[in-house]
1. Return the long-range amide H neighbours of G64 (sequence gap of 5 or more, or a different chain), with a cut-off of under 5 Å between placed amide H atoms.
2. What distance in nm separates the two pseudo spin-label positions at Q51 and D8, each 7 Å out from Cα along the beta-carbon direction?
3. Return a whole-number percent for the relative contact order of the chain, with Cα pairs under 8 Å and 6 or more residues apart as the contact set.
4. Using DSSP, restrict attention to beta bridges with both residues in the chain and report what percent are antiparallel, rounded to the nearest 5.
5. From the alpha carbon gyration tensor of the chain, can you work out the equivalent ellipsoid semi-axes (sqrt of 5 times each eigenvalue) and give them in Å, largest to smallest?
6. Could you report the accessible area of S34 in Å², rounded to 10, computed with a 1.4 Å probe on the protein chains as they sit in the structure?
7. Step through the residues of the stretch 7-12 one at a time and calculate ³J(HN,Hα) from phi using the Karplus curve (6.51 cos²θ - 1.76 cosθ + 1.60, θ = phi - 60°), rounding each to whole Hz and writing x for Gly and Pro.
8. Might you tell me the accessible area per residue for the chain, computed with a 1.4 Å probe and given in Å²?
Amino acid sequence: MRDVEIQDDSIRLGQFLKLADLAEDGGDARELLSAGEVTVNGESESRRGRQLVPGDVVVVGEDGARVYAPSA
């Protein structure tokens, strides 16, 4: 599990998947979400626009990343 820094107080799931290198691009993120391959905090998630906040954990397959913000 690695921490991935965001610049604001929150970030959309689709953006975070790309930032954390869990998805190659927006199309890849959309496919992963519609296939049910993404979990947030241990629960399956399909909404690309879901707002993530520091401390949230996103997992795709065997790879995972935690949302981190220096101000949090």
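1. R2
2. 0.9 nm
3. 41 percent
4. 75 percent
5. Result for the chain: semi-axes of 18, 12, 11 Å.
6. 100 Å²
7. Working through the residues one at a time gives 8, 10, 6, 8, 8, 6 Hz.
8. 60 Å²
The values are calculated or read from the model by the stated rules, or taken from the named source; none is laboratory data. Just so it is clear, the model here is predicted, and its values are computed rather than measured. Don't worry about glycine lacking a Cβ; one is built from the backbone with ideal geometry, like all the others, and counts go over all protein chains shown. Just so you know, the surface numbers come from the protein's heavy atoms only, side chains and all, with ligands and any DNA or RNA stripped out. Shrake-Rupley method; radii C 1.70, N 1.55, O 1.52, S 1.80 Å.
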